[in-house]
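Data block below; observations after.
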Amino acid sequence: MSYVGSSAAVIPVGFSGVNSQSFNGDGSTVAFTLNRPVSAVNAIEVMVNNVQQSPYDGSYSVSSTTLTFSAAPSSGTANIYVVYRDFPVGSITDTNAVQKTGDTMTGNLIVDGNVGIGTSSPGARLHVTSAVSGSYGAIIYNTHATGQGLTVRAGSTSSQDAFNVQTYDGGTSLLAVQAGGNVGIGTSSPNKPLTVATPQTANTVMEVLRLTGSGTYNSGGSNEAGAGVSFGQYSGSYPNWNLGQISGVRSGASWDGALTFSTNSGSTETSITERMRIDSAGRVTMPYQPSFYVGRSGSAYFTNTVIIFNYFSDPGKHNTGSHYNTSTGLFTAPVAGRYMFHTRVIYEGVGNGAAMTDAFHWNINGSTTGYSDKRSYYSNSITGDGGYYTDTATILVALNAGDTVGVYNTRNWLIHGNATYSTFSGFLIG
């Protein structure tokens, strides 16, 4: 065990050699190299030809390990003699005692009390004070390739600080790490794993966190680049699992930016796909939002059954997510939400005076939910022309995942097979 000061059992120290050094004068050399640094002229005694030189009359000077005479000593063997007065060089008999500045201690240091470095009034077990401009107060550096830096432990109460960084005057907490694991930046009372606080200005949104990429701007690689936040779970088992990501990217010219929202597609831990974007003009795009627009190709009868719209080849027609089935004529809701649907049905060969009231209705899971817009009879050149009769309907409904929606026809007339006239469309609002 090592300690600071003298041991209780052994106070005297002994030395293995004389604390001195000699030189040979040659009548011309004035500078000689000492075997240890010296802080002042009176820290050594200098004798030339057995005559002691005064440290105060300029006979010699010292600078670290260099002894310089004002005039070259005469020739002689060991006729220049130096005795070190500040601390004897040698081995200390009591190797457990650290006696003075410059000693190296090995082993454990046990101190029963406070230790002050840079202060004579330590207020804690270890109190380090530094007043050097531009310098760190303390540096902890483990030079081993696999070594650790610093471990800090706190009390048993989760709200106690394990680590706290404060302003120079101790008035404000800059960073607090509590024993329970909560981290506070700008607050000493974090109530979540990470709480970031900044003084609030009235009627102002405060920027408390900025995520950015570092380095020098590169115009060729700037577009669609930015910073993001990823979300995962069970980091102990799946540290790379990325459930979703929100990113800010440069998109367009000048300073244009966009927010992107991505989710995991389910194929791998890190397979994420952009699902929504808010561009620099505030426009929202959702390319994977369930949507379809389909037409009817080929005239056919669908009496007391669901009309099958079967044609997607025209420009603009689509079936995002493939939730509309051209074999059954039904749209199946992939998720619960509110959906908007519209249809336009053109009948052909309708006889004059034919009753066309409620020509078709909305069918959800096989049950009627709404009817077509018109309530009339066919009258040539009035409600129709040349045997053609058109009816439309629009509906906004709340659906559960798995619910089906179709257009159920109630009339025994041909559905006109023109995909630009007889159509069915719908989309998820949210």
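The values are calculated or read from the model by the stated rules, or taken from the named source; none is laboratory data. Note that this is a predicted model, so its numbers are computed, not measured. Glycine also receives a Cβ, built like all others from the backbone with ideal geometry; neighbour counts cover every protein chain displayed.
Would you tally the residues in the stretch 310-341 being in contact (Cβ under 8 Å) with a residue 24 or more places away in the chain, in a strand (DSSP E or B) and not hydroxyl-bearing (Ser, Thr, Tyr)? If you could, list the steps in order and put the result at the bottom.
From the stretch 310-341, those in contact (Cβ under 8 Å) with a residue 24 or more places away in the chain are 311, 313-314, 317-321, 323-324, 326, 328-341; that's our starting set.
Okay, now just the ones that are also in a strand (DSSP E or B), so 311, 318-320, 324, 330-332, 337-341.
The next check asks that each one be not hydroxyl-bearing (Ser, Thr, Tyr); those that pass are 318-319, 330-331, 337-338, 340-341.
Result for the stretch 310-341: 8.
Kindly check whether there is at least one residue in the stretch 212-223 that is hydroxyl-bearing (Ser, Thr, Tyr), over 23 Å from the mean Cα position of the chain (by Cα) and assigned by TED's automatic domain parsing to the domain that holds Thr404.
For the stretch 212-223, residues hydroxyl-bearing (Ser, Thr, Tyr), over 23 Å from the mean Cα position of the chain (by Cα) and assigned by TED's automatic domain parsing to the domain that holds Thr404: absent.
Of everything in the stretch 285-313, what is over 22 Å from Asn365 (Cα atoms) and among the small types (Gly, Ala, Ser)? Give them in sequence order.
Hits for the stretch 285-313 are Ser297, Gly298, Ser299, Ala300, Ser313.
How many residues, within the stretch 342-391, are hydroxyl-bearing (Ser, Thr, Tyr) and in a strand (DSSP E or B)?
Qualifying residue count, the stretch 342-391: 10.
What residue, of Ser372, Ser322, Ser313, Ser367, is hydroxyl-bearing (Ser, Thr, Tyr) and at positive phi?
Ser322
Taking the criterion of being surrounded by fewer than 17 Cβ atoms within 10 Å (Cβ to Cβ), in contact with a Ser or Thr (Cβ under 6 Å, 6 or more places away or on another chain) and either of a type in the set (S, T, N, Q) or outside any loop (DSSP other than H, G, I, E, B) (or both), would at least one residue in the stretch 37-52 satisfy it?
Within the stretch 37-52, one or more residues are surrounded by fewer than 17 Cβ atoms within 10 Å (Cβ to Cβ), in contact with a Ser or Thr (Cβ under 6 Å, 6 or more places away or on another chain) and either of a type in the set (S, T, N, Q) or outside any loop (DSSP other than H, G, I, E, B) (or both).
Pick from the stretch 249-292 the residues that are within 21 Å of the chain's Cα centre (by Cα) and farther than 28 Å from Asn218 by Cβ: which of them is surrounded by the fewest Cβ atoms within 10 Å (Cβ to Cβ)?
Checking each candidate, the answer is Glu269.
This table checks each residue for (1) surrounded by fewer than 10 Cβ atoms within 10 Å (Cβ to Cβ); (2) among the polar types (S, T, N, Q); (3) over 30 Å from Thr260 (Cβ atoms).
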residue: Val132; (1), (2), (3): yes, no, yes
residue: Gln148; (1), (2), (3): yes, yes, yes
residue: Ser156; (1), (2), (3): yes, yes, yes
residue: Glu207; (1), (2), (3): yes, no, no
residue: Leu243; (1), (2), (3): no, no, no
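Across the stretch 411-420, what is the total count of residues that are buried (at least 18 other Cβ atoms within 10 Å of the Cβ) and within 60 Å of the chain's Cα centre (by Cα)?
3
Tell me, which residue of the stretch 255-270 that is part of a strand (DSSP E or B) and of a type outside the set (Val, Ile, Thr) is farthest from Gln233 (Cα to Cα)?
Going through the qualifying residues, I end up with Gly257.
Go through the stretch 53-89 and count every residue that is in contact (Cβ under 8 Å) with a residue 24 or more places away in the chain and outside any loop (DSSP other than H, G, I, E, B).
The qualifying residues number 16.
Could you pull out the residue among Gly430, Gly406, Gly402, Gly384 that is within 17 Å of Pro290 (Cβ to Cβ) and either crowded, with 20+ Cβ neighbours inside 10 Å or among the aliphatic types (A, V, I, L, M) (or both)?
Checking each option against the conditions leaves just Gly406.
Tell me, yes or no, whether the stretch 387-401 has at least one residue that is modelled with pLDDT of 95 or more, touching a Phe, Trp or Tyr at 6+ places or on another chain (Cβ under 6 Å) and within 11 Å of Ala359 (Cβ to Cβ).
Yes, some residue in the stretch 387-401 is modelled with pLDDT of 95 or more, touching a Phe, Trp or Tyr at 6+ places or on another chain (Cβ under 6 Å) and within 11 Å of Ala359 (Cβ to Cβ).
Take the stretch 240-272 and flag every residue that is closer than 23 Å to Gly430 by Cβ and without any contact (Cβ under 8 Å) to a residue 12 or more places away in the chain.
Across the stretch 240-272, the qualifying residues are Ser265, Gly266.
For the stretch 300-309, which positions are surrounded by fewer than 16 Cβ atoms within 10 Å (Cβ to Cβ) and part of a loop (DSSP other than H, G, I, E, B)? Can you show your working first?
Keep residues of the stretch 300-309 that are surrounded by fewer than 16 Cβ atoms within 10 Å (Cβ to Cβ), which gives 300-301, 303-305.
Across the stretch 300-309, the qualifying residues are Tyr301, Thr303, Asn304.
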